[in-house]
Structures are given as C-alpha cells and as structure tokens.
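Peer 1: Could you have a look at this structure, given as structure tokens, before my questions?
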Amino acid sequence: MRKRLLFHLIAIIFLFSCGKESNMPNDNIPTVTHQNGHLRMIAILDSIATNADSKYCYNLNSKRAEKLALQLNGNLPIEQKLLMQSEYGKQLLYAGKTEATIVEFQKILSFFGNELTEQTKPIFEMLAISFLRLGEQTNCVEKPNAEACIIPVNINGVYKNTIGMENAIQLYKQLLTVYPNDIQSRWLLNIAYMNLGKYPKEVPEQWLVPQQFFRKKGNIQFQNLAVSLGLAVNGLSGGVCMEDFDNDGDLDLFMTSYGLTDQSKYFRNNGDGTFTENTKDSNLLGITGGLNTLHADYDNDGDVDILVLRGAWMDRGNYPNSLLQNDGAGHFTDVTIEAGMLSFHPTQAAAWADFDADGDLDLFIANESIPNQQPNPCEFFRNNGNGTFTDIASSLGLQLTGFFKGCVWGDVNNDRLPDLYISNLTGDNLLFVNRGNSKFENIAFKAGVVKPYFSFPTWYLDYDNDGLDDIFAAGYGDAQQHNPSGDFLSDLLGTLPQGDYFRVYHNEGNEKFTDVTEQVGLNKLMFAMGVNFGDLNNDGWQDIYIGTGKPAYQALVPNRMFLNVPAKEGNGRFYEEISMNGFANIQKGHGIAFGDMDNDGDQDIYEVMGGAYEGDVSYNMFFKNPGDKKNKWVTVKLEGKTCNKDGIGSKIAVHVANEDGTKKTVFSTVNTGGSFGASSLQQEIGLGAAKSIEEIEVFWAQPGPANSVYHDIPLNSFVKLGEGSDNAEILERKVIGLP
C-alpha cells in the first residue's frame, strides 16, 4: 500500500498544471454598466479577481490550502489523508507559508519512519527545497539586500539567518549519500553552502561544483542599485517598460506583476538621482495583473502609451488586456473598450508595427491555445487612425492558434515592410513575410527557422552588423518541471540533458537563414523567460541578457548575460558568458529592459524578478552601468511624419571613422527589443573606438519615403532626427548622478 501511495504522492507533488486546471469559466466575465471605459476596466479586473475560483486558477495557493485544510479535518482513510496532506503541504509552500509547509512534510516522513528510499525520496526533496526556500525568504525576501541571491555570493550577500540553509544542507547530504548521482541535489547543496559563505571550503569534495563555473570574466561589473534607489519592487513575475513617459528628457519605469490583484506601478525619474512612485497620481490604481507589458505611441500624439498583457497560462483566459493612453505628462487612461480592443483571451505576447505603411501602428496579439483545449485565436488590430482598432486577423490569414509565447516584428528582406516571427511552445515557430497589399506568407519551413519546438522568448537582432535582421529563439528546456537545476548543472558539466536548446539563425539574404547557434556559443539549455539586448560596453556589438527559471521552486538557475565578442578564429562573432560578473541572480527573471537611465551615454538594465506561484516573490533589480569611457556613442530619437511618430521599425545606420583609420557601420532598428520586456525607443548606439561620425542614415519604416542622411553629428551626443529634414537637432540632456 505504501509503495502505491508514494507513487501517487510523486505525481501530485510535481504536477504543474496550467492547462485544464487553470481555466476560469467564461461565465465569470462580469457585466458592468459604468459609463467611463477606464472605470469599467477596473471593475472588470476587480470582479475577475474577486470571483476567481482556486480550483481553476493554479496560483491562488492560499485559497487552495484553506480548502484542503477543511477537508483534512474530516474522518478520512489514511491513504486519502496522506495524499491530501501532501497536496496541502505543496500549496502552503506555493503560498509562501514555508514554516507550516515544513511541518506537514515532516509529518508525512514520520509516517514512513523517516527512512530515505526510492519511494520517499520525493518527500525528502520537497522538505529540502522548503528549508532552502525558508532561507531565501528570511534573507533575500524579507530583508532585501542588493547582493543577496546573486552568485557567486560575496561577503555582503551571505545569509545572516542560517537555519533554513543549514537544514537544507543536511537533507541534501542525506540524499546524495544514498543517491550520489542526484545532480539536482548536488547543485542545490552547493547553492546552500554558498549562501552561508562556506563554498567551496566546506562542500564535501565528491559533491563540489567546480569553482571554474563561478569565475568572473573580463572587467565588466555592474552594480545592483535597486534597493538604494527605491526600485526594489517585491512581486511575482511580470513585465517592464523603460521609457520617457512624461517627456522631460529622462527614462521612467512602468512594471506589472502576475497576481490577479497585483497593482501595476509607475516610477517617475526625477532627474536628480531619485525616483518617485507616481502610481496613484498617474491614474493607475486598479490597473492590476499582467505578465508582460510593452509601449508605443499608437495615436501619434508625441507621447508613449502602454499595453498590458494578461491571462498567460490560463487557457480559457477570461482576462482582458489593457491599452493605456498617455496624456503626455505621465497620466494614463485605460481606453481598451473605447478603442475596440476588449477581448478575453490568455496572452503574454504582442508586437506593434505599421504593417500597411499608412503611418500609424497596428498590433498583433499572439494568444495561447493549449492543444486539444478551447482555441484562443490570435488577433490583429488594424489602427483606424482615429483612436480605434479593427481586428482583421482572419482576412490576413493570421487568426492562428497555437501555444504562442513570443512574437516580434522585423524586416528580413529589407523591403521596409515588417515581417512577423512567432514563438510556439508546442510546435513549429512561424515566420510571416509581409508581401504588401495585406498579404503574408509563412516561409518558416523553407527558411529553416521552425525550431526550437519548445520555445519561449524571441527577438530580431543584427548581431554581426551586416544590415540584415537575424532571428533569436530561446528554448525553454523540456516539458518536465522537476529537474531544472539538475539539467542546468548537467549542461555546465558537458553532459547535454534532454530539452530544446537556444537557436540563432543568421540571415543570409534572399529570405534564407543558417543555424549558427554552435558557432556563436549559444548552444545551451537556457530556461529563458524574459530577455532583452543592448550594448554593455558601447563597442558597437549587441549583447543579450536572459531572465531564467521555471515555476518549480527547485529552478534556482542563474540569470545569464552574454557579451558579443570577436570569434576566436577571428571570423565572425561569438557570445561569451559573463553571468558571474554580477548578473547571476538565481531568483526567477522575467521582464528585462535596457536603457540609459542616467543620461551618461551607456545602457543600464532593469529586470522584474519573481515566479508564478503566489509565494514565489522576489525583488526587482536595477543594474547601473559603470561605463566604458574609451568607447564612443550616440543616442538617436526619430520623429516620423508620414512614418509613425517614433519611427518604430525604421533602421538606423551610423557610419563612423575609427581612430586607426578604418571605417565601420553600426546598425540599429527602432523597437523595444525582445518579446518579454520593453526597452526605450530612443536608440542608444555604441560606436566603439570611433574618431568621428561621418553620417547617419535612416531607412524609414515604410516603402515610400527615401532614406534620410544626416551630417555634422558630434560623438557622445543625443540627437533627434526628423523625417523630411536634413538637419539633426542636438538635444540637451543632463547627466544624472546615481548613488
């Protein structure tokens, strides 16, 4: 009986059910009668949160635990009681009630005589991760520290409260004594020792993870200033927009968190080294939830608006998105209903582009459809130019169904018409080339860009500065949730685990691509969720930062930074991992934005941290760039006329003369970056060892206007380039001193 019971326990403990169990029935969609669309949306969001049934919403863990507690008080057969008790313990852990969780799993182990066997091993593992999570909560979460949870842990990040980690170490040592090949327990054991400041000296030699994996490379070292600047927001997974929302010349921050009642937040950059949370004054109270967010000036009025995406992983998804109109002073109004965009589908992916070259931005939304469940077709909202949109997905052949997790617009054939790449978690990725006249053709198969089959974030990036958009698609490992840390360590040790790996597709022209993943050093198992790119050292080559993780608490894998450097053979580019240079936070990473927050000419990074379950909260990070003074830069803001206002989709070519007499061109495309996290629309372009800018060429994002060429632009300057003008406007920007 006990053997059969334990196998049932294993299945329950490790099940992460975001499919059928995550449904919130459509009849829960509220009927509201408020006249104002903004208030109506707030009422809809409040009603959904109030009426959400924990039976169908997998991350309402406190409510699930409460129901189970009532059932446990009944007179149950021992087998059923143990099963329910294990589920109760799991929900307590996911709810953040870790000490109560430990009690429940200790009770279960006591019933089995505290003996470690093949059948009780999963219970030991759950108890160990509960103690490890307790250590994180009492140190990283309850007492925020700028250097805690970033590996390799330095003296300032060592845990003061040691009880959780000490107990976790003892349990992992027990597990490894009986199961020496348990590679996940080995990784977590090393992390526990590291958090106590006892790595590597006190780690038993046979289980030691080699120190070489934690070594810093090069001189790049960013500092996390989120705590000192008041930007260490504590929450679940979410998105971030970095943009000058109030048009005062510096970049502000908007962010979301996944919980149904989690308030979105807006931080105004005061321009003096401080930030003020202006959520209430910006009219955002009640605008809650959202796993991702992105921004664009959809109404061409000169200020940037925000789109919040909701309902991801909830396959029926009676959860609307929000279109937030900006009045130019950082004050927002939800106009989703008035704009004709109110719908109820699950998504975390959308992208703006002017697909029909009429001068205003249209919106593709990649909704999620779980195989064999209720379909949620994708939407394509054509901008009518009067503040409203019309869904024309069906007429364009883009009313697609799939478990889509990312979508981005680029221009694969340089015809100035945007092409759409879509990442699919359960099948082939898609590449729709825009043929004009409202015609799209999916060329993914013949172009060779359908993989990975289990993919998540995606982006276009001209990583080798040849003027052609390359495609990046990040694999999410495999469908299993229970061994992510073990798979990560296996990858480090050179034993490639099962799963879907990263893909980099080099654009060869003529709508052909070559898989160069191995050549560029990114043939890795990433567990990528959030991602974005920028130029850390202003050398003119784009680097990438990946927020990693899986819902499982055992997924303590570092966030990963890759520096774009010359390939070792001297031909092409290569991505060198520099995660251990201060970037490797082992909490779960999501929305990432690059941008020059202090107007000093280099790009800083903001990252939203946190998991999916109710109690898996973490503090967001803000990495200040220390700068590379030897390299030059220029920051370009476009202003369209017949093109959309910010020139989204336009390609910028900066032609420079170098100190050594050579010449170089650096390319940049106006967009917000990756498919999970939104960088500023001003293009912050590193120029390396440039002596002068010979000219800047702009290829506007529609076939009509000729390319514009601008001269007499100084190095290390902020400039506005207007469509139809030959002159660059030099913008005054005050350098902001950050502590």
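Peer 1: Of the numbered conditions (1) open to solvent by 60 Å² or more (accessible area, probe 1.4 Å); (2) assigned to a loop (DSSP other than H, G, I, E, B), residue 220 fails exactly one; give the number of that condition.
Peer 2: All conditions pass for residue 220, except number (1).
Peer 1: Next question. May I ask you to say which residue of 140, 149 is open to solvent by less than 10 Å² (accessible area, probe 1.4 Å) and within 24 Å of the chain's Cα centre (by Cα)?
Peer 2: Numbers: 140 fails: open to solvent by less than 10 Å² (accessible area, probe 1.4 Å).
Among 140, 149, only 149 is open to solvent by less than 10 Å² (accessible area, probe 1.4 Å) and within 24 Å of the chain's Cα centre (by Cα).
Peer 1: Return the only residue of 240, 178, 209 being of a type in the set (A, V, I, L, M), modelled with pLDDT of 95 or more and within 30 Å of residue 326 (Cβ to Cβ). It would help to see each step written out before you state the result.
Peer 2: On the way: 178 fails: within 30 Å of residue 326 (Cβ to Cβ); 209 fails: within 30 Å of residue 326 (Cβ to Cβ).
Being of a type in the set (A, V, I, L, M), modelled with pLDDT of 95 or more and within 30 Å of residue 326 (Cβ to Cβ) holds for just one of 240, 178, 209, which is 240.
Peer 1: Go through the residues of segment 704-724 one by one and say whether even a single one is surrounded by fewer than 22 Cβ atoms within 10 Å (Cβ to Cβ), of a type in the set (D, E, K, R) and touching a residue at least 60 places away in the same chain (Cβ under 8 Å).
Peer 2: Step one: filter segment 704-724 for residues surrounded by fewer than 22 Cβ atoms within 10 Å (Cβ to Cβ), giving 704-720, 722-724.
Pick out the ones that are also of a type in the set (D, E, K, R) and you get 712, 720, 723.
Still in the running and touching a residue at least 60 places away in the same chain (Cβ under 8 Å): 720, 723.
Checking segment 704-724: at least one residue is surrounded by fewer than 22 Cβ atoms within 10 Å (Cβ to Cβ), of a type in the set (D, E, K, R) and touching a residue at least 60 places away in the same chain (Cβ under 8 Å).
Peer 1: Please tell me if residue 453 is more than 30 Å from residue 666 (Cα to Cα) and outside any helix (DSSP H, G or I).
Peer 2: Values: more than 30 Å from residue 666 (Cα to Cα): yes; outside any helix (DSSP H, G or I): yes.
Yes: the conditions hold for residue 453.
Peer 1: Also, I was wondering about something else. Return the only residue of 392, 443 being in contact with a Leu (Cβ under 9 Å, 6 or more places away or on another chain), farther than 29 Å from residue 707 by Cβ and of a type in the set (Val, Ile, Thr).
Peer 2: Details: 443 fails: farther than 29 Å from residue 707 by Cβ.
One residue alone meets the criteria, 392.
Peer 1: Can you tell me which residue within segment 24-60, out of those that are among the aliphatic types (A, V, I, L, M), in a helix (DSSP H, G or I) and under 30 Å from residue 88 (Cα atoms), is modelled with the highest pLDDT? Break it down into steps so the answer makes sense when it comes.
Peer 2: To start, the set of residues in segment 24-60 that are among the aliphatic types (A, V, I, L, M) comprises 24, 29, 32, 39, 41-45, 48-49, 52, 60.
Among the residues that remain, those that are also in a helix (DSSP H, G or I) are: 39, 41-45, 48-49.
Subset that is under 30 Å from residue 88 (Cα atoms): 45, 48-49.
Values: 45: 96, 48: 93, 49: 93.
Taking the candidates together, the pick is 45.
Peer 1: For segment 666-723, enumerate the residues that are of a type in the set (A, V, I, L, M) and assigned to a loop (DSSP other than H, G, I, E, B). Spell out the reasoning first.
Peer 2: Pass one, segment 666-723, residues of a type in the set (A, V, I, L, M): 666, 670, 678, 681, 685, 687, 689-690, 693, 696, 698, 701, 706, 709, 713, 715, 719, 721.
670, 681, 689, 701, 706, 713, 715 - these are the residues of segment 666-723 that are of a type in the set (A, V, I, L, M) and assigned to a loop (DSSP other than H, G, I, E, B).
Peer 1: Among the strands (runs of 3 or more DSSP E) contained in segment 328-438, which hold 3 or more residues that are open to solvent by 30 Å² or more (accessible area, probe 1.4 Å) and modelled with pLDDT of 95 or more?
Peer 2: Passing ranges: none, list empty.
Peer 1: Name every residue in segment 122-150 that is in a loop (DSSP other than H, G, I, E, B) and out of contact with any Cys (no Cβ under 8 Å at 6 or more places or on another chain), in order of residue number. Walk me through it before giving the result.
Peer 2: Narrowing segment 122-150 to residues in a loop (DSSP other than H, G, I, E, B): 142-149.
Those that are in a loop (DSSP other than H, G, I, E, B) and out of contact with any Cys (no Cβ under 8 Å at 6 or more places or on another chain): 142, 143, 144, 145, 146, 147.
Peer 1: Also, quick follow-up: What is the number of the single condition among (1) in a loop (DSSP other than H, G, I, E, B); (2) within 25 Å of residue 537 (Cα to Cα) that residue 241 does not meet?
Peer 2: Failing condition for residue 241: (1).
Peer 1: Condition test on residue 630, is it closer than 22 Å to residue 250 by Cβ and of a type in the set (Lys, Arg)?
Peer 2: No.
Peer 1: Right, here's the next one. Restricting to strands (runs of 3 or more DSSP E) lying wholly in segment 246-318: which have 3 or more residues that are surrounded by 22 or more Cβ atoms within 10 Å (Cβ to Cβ)?
Peer 2: Values: elements: 252-255, 265-269, 275-277, 292-296, 305-309.
Of the strands (runs of 3 or more DSSP E) lying wholly inside segment 246-318, those with at least 3 residues that are surrounded by 22 or more Cβ atoms within 10 Å (Cβ to Cβ) span 252-255, 265-269, 292-296, 305-309.
Peer 1: Let me spell it out: the conditions are (1) open to solvent by 10 Å² or more (accessible area, probe 1.4 Å); (2) more than 23 Å from residue 733 (Cα to Cα); (3) under 20 Å from the mean Cα position of the chain (by Cα); (4) not polar (S, T, N, Q), and residue 649 meets all of them except one. Which number is the exception?
Peer 2: Failing condition for residue 649: (3).
Peer 1: Looking only at segment 621-635, which residues are outside any loop (DSSP other than H, G, I, E, B) and either at pLDDT below 90 or aliphatic (A, V, I, L, M) (or both)? Talk me through it step by step, then tell me what you get.
Peer 2: To start, the set of residues in segment 621-635 that are outside any loop (DSSP other than H, G, I, E, B) comprises 621-624, 632-635.
621, 634, listed by residue number.
Peer 1: Follow-up question, since we're still on this one. Answer yes if at least one residue in segment 595-611 is assigned to a strand (DSSP E or B) and open to solvent by 10 Å² or more (accessible area, probe 1.4 Å), and no otherwise.
Peer 2: Quick first cut of segment 595-611, residues assigned to a strand (DSSP E or B) only: 595, 604-609.
Now drop any that are not open to solvent by 10 Å² or more (accessible area, probe 1.4 Å), which leaves none.
Looking through segment 595-611, none of the residues is assigned to a strand (DSSP E or B) and open to solvent by 10 Å² or more (accessible area, probe 1.4 Å).
Peer 1: Another question, then. Quick one: which residue in 170, 119 is open to solvent by 30 Å² or more (accessible area, probe 1.4 Å), within 24 Å of residue 487 (Cβ to Cβ) and either modelled with pLDDT of 95 or more or not in a helix (DSSP H, G or I) (or both)?
Peer 2: Values: 170 fails: within 24 Å of residue 487 (Cβ to Cβ).
So the residue among 170, 119 that is open to solvent by 30 Å² or more (accessible area, probe 1.4 Å), within 24 Å of residue 487 (Cβ to Cβ) and either modelled with pLDDT of 95 or more or not in a helix (DSSP H, G or I) (or both) is 119.
Peer 1: Out of segment 652-672, which residues are open to solvent by 10 Å² or more (accessible area, probe 1.4 Å) and under 26 Å from the mean Cα position of the chain (by Cα)?
Peer 2: Applying the first criterion (open to solvent by 10 Å² or more (accessible area, probe 1.4 Å)) to segment 652-672 yields 655, 657-665, 667-669, 671-672.
Listed by number, the residues that qualify are 667, 668, 669, 671, 672.
Peer 1: Condition test on residue 642, is it touching a Gly at 6+ places or on another chain (Cβ under 8 Å), surrounded by fewer than 18 Cβ atoms within 10 Å (Cβ to Cβ) and not in a loop (DSSP other than H, G, I, E, B)? So that I can check it myself, show each step before the final result.
Peer 2: Values: touching a Gly at 6+ places or on another chain (Cβ under 8 Å): yes; surrounded by fewer than 18 Cβ atoms within 10 Å (Cβ to Cβ): yes; not in a loop (DSSP other than H, G, I, E, B): no.
When the stated conditions are applied, residue 642 does not pass them.
The values are calculated or read from the model by the stated rules, or taken from the named source; none is laboratory data. Keep in mind it's a predicted model, so treat the numbers as computed, not measured. Note: ideal-geometry Cβ built from the backbone for every residue, glycine included; neighbour counts use all protein chains shown. Protein only, heavy atoms only, side chains kept; ligands, DNA and RNA dropped before computing areas. Shrake-Rupley method; radii C 1.70, N 1.55, O 1.52, S 1.80 Å.
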